[in-house]
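Q: Sharing a structure, written as structure tokens. Questions coming.
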Amino acid sequence: MSTATILDRLTFPESTRWRDGRLWLCNWLASEILAVDPADGRTEVMATVPVPIPFCIDWLLDGRLLVTCGGERKLLAQAGDGTLESYADLTGVVAKGAINEVVVDGRGHAFVNGGGYDMMAGEDPAPGPIVCVTPDGVAREVADGIHFGNGMAITPDDSTLIVAESHAARLTAFAIGEDGSLGDRRVWADLGEGAAPDGICLDADGAVWYADVPNQHCVRVGEGGEVLQVVRADRGCFACMLGGTDGQTLFIAAAEWDDDAGMVTPETGQLLAAPAPATHHGRP
């Protein structure tokens with residue numbers, strides 16, 4: 001399936017989200033959160049983040065933008081004047097490394113993954129936690145042993161959290177308790193040797209789309225791992241999100257990955273779009 005290029009020359013696009021008729025993304029290395037009109041590519045800087053990498057976004061129930069401040073292991077919330085204020089400090093819960101992805105459920109619980117090891121320092125991979133931050137800002141660990149936690153999604157009924165484990169080639173599901181606790185851990189989909197799931201989203205048929213950097217594609221899978229559709233790119237795919245006027249456009253954050261440097265090649269980032277068979281569902 002062919003893709004259309006919406007934006008080009010991004011530094012390092014990540015954490016795609018659809019909100020209020022626009023596609024939002026984190027432009028790592030430029031420390032910017034962008035909102036993009038996919039019809040004409042017009043772009044607005046919605047916030048500047050005090051770290052270059054990693055940071056990811058979602059929204060609190062009151063509409064405030066929520067940002068993970070990776071290496072500092074903190075959550076920031078955007079105030080009415082556009083500034084980013086402290087929301088939760090995770091340093092007492094996540095012992096080391098950077099926090100990564102965030103998703104907020106319908107009860108206002110923010111789930112954050114990452115930690116375990118410092119990828120930027122070249123440490124050997126080690127499993128990390130998932131942390132739940134309650135609406136009053138209290139953080140606690142609710143799962144551990146996540147092998148490089150990346151994209152997360154929550155089903156529309158707020159019953160299930162699905163997390164991409166990039167270094168385990170699988171999507172793992174948890175039942176979400178009323179208090180934000182996680183239980184009934186299970187493998188939602190074993191993606192097979194060589195897969196490296198990154199950013200994910202859910203569709204109305206109950207399938208998951210996941211982005212994959214080394215394999216340069218986005219894949220739609222059903223529970224159990226059946227491959228339903230593949231969208232290929234000419235560079236690594238870091239995140240994907242369904243959106244558009246009918247919710248059936250797959251937006252892809254992509255960039256060229258330099259294995260030797262362990263980093264994206266500067267200014268090769270793109271925002272791509274491709275048609276999808278089912279609408280966006282769930283969170284984010």
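Values in this text are rule-based calculations from the coordinates and carry no lab data. Since we're looking at a predicted model, the values are computed, not measured. Neighbour counts are summed over all protein chains in view; Cβ atoms, including those assigned to glycine, are modelled from backbone coordinates with ideal geometry.
Q: Just to be sure I understand, if you calculate Cα Rg over 2.2 N^0.38 Å for this structure, which of (1) 0.90; (2) 0.98; (3) 1.11 do you get?
A: Among (1) 0.90; (2) 0.98; (3) 1.11, the one calculated here is (1).
Q: So how do V104, V49 line up by other beta-carbon neighbours within 10 Å, fewest first? Mind dumping the intermediate values first?
A: Details: V104 20, V49 23.
Listed from fewest to most nearby Cβ atoms, that is V104, V49.
Q: Once both labels are modelled 7 Å past Cα along the beta-carbon direction, what's the D37-D8 spacing in nm?
A: 2.1
Q: For K96 paired with R186, estimate the spin-label separation in nm (one decimal), with each label point 7 Å from Cα along the Cα-to-Cβ line.
A: Placing both labels 7 Å beyond Cα along the Cβ direction yields 3.5 nm.
Q: Still on this structure, please answer the following. Under 18 Å from the 7 Å Cα→Cβ point of D157, by amide nitrogen: which residues of the range 169-201?
A: Counting only backbone N, you get 173-186, 188.
Q: Once you order the gyration tensor axes a ≥ b ≥ c over the Cα atoms, which shape class does the range 171-218 get: rounded for a/c under 1.5, otherwise prolate or oblate by comparing a/b with b/c?
A: Details: a/c = 2.48, a/b = 1.86, b/c = 1.34.
It comes out prolate by the Cα gyration axes.
Q: To the nearest 20 debye, what is the magnitude of the charge dipole of the range 4-281 about its Cα centre, counting +1 on the Cβ of each Lys and Arg and -1 on the Cβ of each Asp and Glu?
A: Working: 17 positive and 42 negative charges, 34 e Å.
Approximately 160 debye in magnitude.
Q: Now for a different question. When the chain is fully extended, how far beyond the present Cα-Cα distance does E178 get from D81, taking 0.36 nm per residue of separation?
A: On the way: separation 97, 0.36 × 97 = 34.92 nm, distance 3.26 nm.
Net length gain for the segment: 31.7 nm.
Q: Could you work out how much longer the chain between D89 and D260 gets when fully extended? Use 0.36 nm per residue separation minus the Cα distance between them, nm to one decimal.
A: Details: separation 171, 0.36 × 171 = 61.56 nm, distance 3.38 nm.
Using 0.36 nm per residue and subtracting the Cα-Cα distance, I get 58.2 nm.
Q: Once label points are set 7 Å from the Cα along Cα→Cβ at both H167 and T245, what is their separation, rounded to one decimal in nm?
A: 4.5
Q: R0 = 25 Å: FRET efficiency of T279 with E226, Cβ-based, nearest 0.05?
A: Numbers: r = 20 Å, r/R0 = 0.79.
E(calc), rounded to 0.05, equals 0.80.
Q: Once you keep just the Cα pairs under 8 angstrom separated by 6 or more residues, what percentage relative contact order results for the chain?
A: Details: 838 pairs, mean separation 47.3, N = 284.
It comes to 17 percent, rounded to a whole number.
Q: To continue, here is another question. About its Cα centre, what dipole magnitude does the range 78-207 give when the only charges are +1 on Lys and Arg Cβ and -1 on Asp and Glu Cβ, stated in debye to the nearest 20?
A: Dipole of the range 78-207, to the nearest 20 debye: 200 debye.
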